[in-house]
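Visitor: Handing you this structure, nothing more for now.
The values are calculated or read from the model by the stated rules, or taken from the named source; none is laboratory data. Predicted, not measured: the structure shown is a model, and the values here were computed from it. So basically every Cβ, Gly included, is an ideal-geometry build from the backbone, and we count neighbours across all protein chains shown. The protein model used for the area step is the full one, side chains on, heavy atoms only, and it has no ligands, DNA or RNA in it. Shrake-Rupley method; radii C 1.70, N 1.55, O 1.52, S 1.80 Å.
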Amino acid sequence: MGSYKGEEQHHHHHHRNESNCVLVHGPIIVGAGPSGLATSACLKQQSVPSLILEKSDCIASLWQHRTYDRLKLHLPKQFCELPLLGFPHNFPKYPTKHQFISYMETYASHFSIKPRFNQAVIKAEFDHVLGFWRVKTQDFEYISRWLIVATGENAEPVIPDIPGINRFKGRVVHTSLYKSGSVFKNQRVLVIGCGNSGMEVCLDLCRFNVIPHMVVRNTVHVLPREMFGFSTFGIAMALVKWFPLKLVDKLLLLLANFTLGNTDQMGLRRPKTGPIELKNVTGKTPVLDVGALSQIKSGKIKVLEGVKEITRNGAKFVDGQEKEIDSIILATGYKSNVPTWLKGCEFFTKDGMPKSPFPNGWKAEKGLYTVGFTRRGLLGTASDAVNIAKDIGEQWRTIKECNDSNFNYLPQRNVVQNKVKK
């Protein structure tokens, strides 16, 4: 980050005093991923300034630093657009990782969004005396009437505690650090997890003469990415507008079985609850197949039941099998990190998700908002961002009408006097 004085010229809506307190006149947004950027853009449309605090050195850090090379959007681009600015027309139906990052950078540039990078939020807490939020990073304490949590559902990798994994002599890597199968060439690789990441990593490994052994720990819905040339997700979204959810799920499964065959026979047991209902209730996303199933059918990807324990040279499985393994890839997903830094707040569960289900999870109390916790991907993010900006915009205009002193609604001496003691 550059010198603070230089930044102050860019951020004339923030005021700093000698005690490293920064008064932010608009909302503080934590996280410069798609959620944070979308909310900032929507606020700007409402003429509300904002400040984004981002712990890494770039926007969309999950996409830039923690995704594999072959990644493409799983849904057609029209379902992944952020508010107010769509994808370029020349982008393909399913943009690549690099195209999506390019879109994010264009989006930030278009709306003149300049996050403050390398600002990891250590603690955020509501000050009941001031009636403001105090957001502390390693450098400053930021103070605002509004706090928007935009760190999302996928902030930190989930690392499961698997018996014996510490004595395994080979490489163990989470998919957040996986880039390409080239470094695993000619190896026997155990992939733990069978979601979209697990399936795609297995498919990528097959390109490098790897024999992936995929561990299926739970039931899973696998659907074709497209049916008869149309996006499966698009078909589902259209049908649920007209028909009961359970009927749509039955139709999807009928078509999936017709297209893919019986996945139970491949070791991929389907849950009793339908794919759309399951996603709505639990957030568990169905796997959209982009080629892994054909490799499972041909035997190039081996499907195994749960791991009993990891040994020095391999793994023992719950069905009694034992196999030698060279490397392990954990395709075990991500989790929210909100409980580690947001204090004194009962709006979130212990898992860091809003207690109120979609579509009401975006607004808490005392000026606290959340964006990107809908379990509905970028469509849910866009919905949250629009709602939050509209709500804060109305408050902003009310305050502006009631205050003729250019928004000096918190005297600086109060900031100093009430500063949290170190």
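Visitor: Checking the conditions here, which among Ile328, Ile296, Ile301 is under 17 Å from Gly181 (Cβ atoms) and in contact with a Phe, Trp or Tyr (Cβ under 9 Å, 6 or more places away or on another chain)?
Guide: Checking each option against the conditions leaves just Ile328.
Visitor: Continuing with this model, one more query. Picking from Phe91, Phe126, which residue would you name as being at negative phi, crowded, with 16+ Cβ neighbours inside 10 Å and in a strand (DSSP E or B)?
Guide: The conditions single out Phe126.
Visitor: Could I ask something else about it? Which of the residues that make up the range 303-362 are part of a strand (DSSP E or B), open to solvent by 20 Å² or more (accessible area, probe 1.4 Å), touching a residue at least 40 places away in the same chain (Cβ under 8 Å) and not aromatic (Phe, Trp, Tyr)?
Guide: Val303, Val307, Lys308, Glu309, Lys323, Glu324, Lys335
Visitor: I've got another one for you. Checking Val22 against (1) assigned to a strand (DSSP E or B); (2) touching a helix residue (DSSP H, G or I) at 6+ places or on another chain (Cβ under 8 Å); (3) aliphatic (A, V, I, L, M): exactly one of these is not met. Which one?
Guide: (2)
Visitor: Let me confirm something: among Gly372, Gly377, which residue is small (Gly, Ala, Ser), modelled with pLDDT of 90 or more and open to solvent by less than 70 Å² (accessible area, probe 1.4 Å)? Full working, then the answer.
Guide: Working: Gly377 fails: modelled with pLDDT of 90 or more.
Only one candidate passes the filter, namely Gly372.
Visitor: Sticking with this one: Is the range 348-360 home to any residue that is closer than 21 Å to Gly26 by Cα and in contact with a Pro (Cβ under 8 Å, 6 or more places away or on another chain)?
Guide: no
Visitor: From the list Pro83, Pro88, Pro95, which residue is farther than 30 Å from Glu394 by Cβ, in contact with a helix residue (DSSP H, G or I) (Cβ under 7 Å, 6 or more places away or on another chain) and not small (Gly, Ala, Ser)? Explain how you work it out, then say what you get.
Guide: Numbers: Pro83 fails: farther than 30 Å from Glu394 by Cβ; Pro88 fails: in contact with a helix residue (DSSP H, G or I) (Cβ under 7 Å, 6 or more places away or on another chain).
Result: Pro95 is the single residue among Pro83, Pro88, Pro95 that is farther than 30 Å from Glu394 by Cβ, in contact with a helix residue (DSSP H, G or I) (Cβ under 7 Å, 6 or more places away or on another chain) and not small (Gly, Ala, Ser).
Visitor: If you don't mind, there's one more thing I want to ask. If you scan the range 208-242, which residues turn out to be loosely packed, with under 15 Cβ neighbours inside 10 Å and on the phi < 0 side of the Ramachandran plot? Lay out the reasoning, then the answer.
Guide: At the first step, the residues of the range 208-242 found to be loosely packed, with under 15 Cβ neighbours inside 10 Å are 209, 218, 228-230, 238, 241-242.
Matches in the range 208-242: Asn218, Phe230, Ala238, Lys241, Trp242.
Visitor: Which of the numbered conditions does Val201 fail, given that it passes all the others? Conditions: (1) open to solvent by less than 60 Å² (accessible area, probe 1.4 Å); (2) outside any loop (DSSP other than H, G, I, E, B); (3) closer than 23 Å to Thr349 by Cβ.
Guide: Here Val201 clears every test but (3).
Quick grid of which residues meet (1) surrounded by fewer than 17 Cβ atoms within 10 Å (Cβ to Cβ); (2) under 25 Å from Leu147 (Cβ atoms); (3) out of contact with any His (no Cβ under 9 Å at 6 or more places or on another chain); (4) not small (Gly, Ala, Ser):
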{"residue": "Ala32", "(1), (2), (3), (4)": "no, yes, yes, no"}
{"residue": "Arg70", "(1), (2), (3), (4)": "yes, no, yes, yes"}
{"residue": "Gly86", "(1), (2), (3), (4)": "yes, no, yes, no"}
{"residue": "Ile101", "(1), (2), (3), (4)": "no, no, yes, yes"}
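Visitor: Consider Asn257 against the criteria (1) in a helix (DSSP H, G or I); (2) open to solvent by 20 Å² or more (accessible area, probe 1.4 Å); (3) within 29 Å of Gly152 (Cα to Cα): it satisfies all of them except one. Which criterion is unmet?
Guide: (3)
Visitor: Under 7 Å between Cβ atoms, which residue pairs at least 6 apart in sequence (or on different chains) link something in the range 242-259 that is of a type in the set (Ser, Thr, Tyr) with a partner that is open to solvent by less than 100 Å² (accessible area, probe 1.4 Å)?
Guide: Thr259/Pro224; Thr259/Met227
Visitor: Okay, next question. Looking at the range 90-102, I want the residues that are polar (S, T, N, Q) and have a partner that is open to solvent by less than 40 Å² (accessible area, probe 1.4 Å) and in a loop (DSSP other than H, G, I, E, B) with Cβ atoms under 7 Å, at least 6 apart or on another chain. Which pairs are those?
Guide: Gln99/Phe91
Visitor: Take the conditions open to solvent by 40 Å² or more (accessible area, probe 1.4 Å), within 27 Å of Arg312 (Cβ to Cβ), in contact (Cβ under 8 Å) with a residue 24 or more places away in the chain and in a strand (DSSP E or B) and apply them to Val191. Does it pass?
Guide: No.
Visitor: If you take the residues in the range 274-302 that are of a type in the set (A, V, I, L, M), touching a residue at least 24 places away in the same chain (Cβ under 8 Å) and not in a strand (DSSP E or B), which one is surrounded by the most Cβ atoms within 10 Å (Cβ to Cβ)?
Guide: Ala292
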